[in-house]
Ligand code: SF4
């Protein structure tokens, strides 16, 4: 149990502690005595400032002790320890937790753990029995039993399963032949990220005239994600080339600002109820203007 009051003889052994600190430190870097702390019964640690560049806030800690009923104080250890205001390096973080989106450069490889939660086994075809294997022969035997009872399993009459038509071949044609596919967890994690970056709660979407769902620039995704996301294909949009939530939107929405068409002039109106005198010939020598006759006024000559 720790005693609160440092042992008197140990606390007085400042010179012993300083000498020990100077022995392990460079000359002149052991500073003023900062105090003594009781580590236990007759065990005291003396603290000295470390006047070393690069070790601001660090302290030389020299522990001394004495045996019960002994008058001689002995040295335990001298170490350099960080104080409460010491400048310390940031806590070490494994590289796998240090990586951030955008850290990958050309030629970088980012391996995934075999138990990566974002992935789950896909259909790779490895679980289908290879031709001529025992399982394949067993399947062939079943066929033989049902179709030709007199043909023995493994006989030359039984042909292996044709390469085309198997589940693996169909899966390969459909582009599904992958060892691992996105798990439900990976799917949700991706959806959360996309929703946060290009979702309905972003300031851009809040101020948008309409959502991506009704935008002509939205390229749909395939699979279950298409219910909530698509890819923006508008080069003027801030989300061009990004996966956007259908609830996202921006001012570049295809229907937001349709360019107005130039106004068409109204068709001419012929008013046949009023007769207007029109001048057909210019004035001659200051004479009076010759007015058109009734037939000329209406354009009939
Ligand atoms: S242009 Fe704007 S509204 Fe249209 S899909 Fe892209 S982000 Fe969505």
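The values are calculated or read from the model by the stated rules, or taken from the named source; none is laboratory data. The structure presented is a predicted model; accordingly, all values stated were derived computationally and were not measured. Neighbour counts are summed over all protein chains in view; Cβ atoms, including those assigned to glycine, are modelled from backbone coordinates with ideal geometry.
Name the residues in region 63-85 that are within 52 Å of the chain's Cα centre (by Cα), in a loop (DSSP other than H, G, I, E, B) and under 25 Å from residue 16 (Cβ atoms), would you? 83, the sole residue that qualifies. If the condition is being within 16 Å of residue 200 (Cβ to Cβ), outside any loop (DSSP other than H, G, I, E, B) and more than 7 Å from the ligand (Cβ to nearest atom), then region 231-259 contributes 243, 245. Being within 9 Å of the ligand (Cβ to nearest atom) and part of a helix (DSSP H, G or I) is true of residue 205.
Look at residue 200 and say whether it is within 16 Å of the ligand (Cβ to nearest atom), surrounded by 15 or more Cβ atoms within 10 Å (Cβ to Cβ) and over 15 Å from residue 227 (Cα atoms).
No.
Going by the structure shown, is residue 146 farther than 30 Å from residue 119 by Cα, modelled with pLDDT of 90 or more and either surrounded by fewer than 14 Cβ atoms within 10 Å (Cβ to Cβ) or within 16 Å of the ligand (Cβ to nearest atom) (or both)? Judged against the criteria, residue 146 is not a match.
Rundown of residues vs (1) over 17 Å from the mean Cα position of the chain (by Cα); (2) loosely packed, with under 15 Cβ neighbours inside 10 Å; (3) under 16 Å from residue 197 (Cβ atoms), yes/no style:
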| site | (1), (2), (3) |
| --- | --- |
| 217 | yes, no, no |
| 220 | yes, yes, no |
| 229 | no, no, yes |
| 237 | yes, no, yes |
| 244 | no, no, yes |
| 249 | yes, no, yes |
| 252 | yes, no, no |
| 255 | yes, yes, no |
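For region 86-121, what are the residues that are outside any loop (DSSP other than H, G, I, E, B) and exposed (fewer than 10 other Cβ atoms within 10 Å of the Cβ)? Answer for region 86-121, where residues must be outside any loop (DSSP other than H, G, I, E, B) and exposed (fewer than 10 other Cβ atoms within 10 Å of the Cβ): 95, 97, 98.
Please determine whether any residue of region 32-47 is in contact with a strand residue (DSSP E or B) (Cβ under 7 Å, 6 or more places away or on another chain), exposed (fewer than 15 other Cβ atoms within 10 Å of the Cβ) and part of a loop (DSSP other than H, G, I, E, B). No, because not a single residue in region 32-47 is in contact with a strand residue (DSSP E or B) (Cβ under 7 Å, 6 or more places away or on another chain), exposed (fewer than 15 other Cβ atoms within 10 Å of the Cβ) and part of a loop (DSSP other than H, G, I, E, B). Could you tell me whether residue 217 is near the ligand (Cβ under 7 Å from one of its atoms) and in contact (Cβ under 8 Å) with a residue 24 or more places away in the chain? In short, yes.
Consider region 191-214 and keep the residues that are farther than 18 Å from residue 251 by Cα and without any contact (Cβ under 8 Å) to a residue 24 or more places away in the chain. The one that is nearest to the chain's Cα centre (by Cα) is 193. I'd like to check something: does region 263-275 contain any residue that is touching a helix residue (DSSP H, G or I) at 6+ places or on another chain (Cβ under 8 Å) and either at pLDDT below 90 or not in a loop (DSSP other than H, G, I, E, B) (or both)? Scanning region 263-275 turns up at least one residue that is touching a helix residue (DSSP H, G or I) at 6+ places or on another chain (Cβ under 8 Å) and either at pLDDT below 90 or not in a loop (DSSP other than H, G, I, E, B) (or both).
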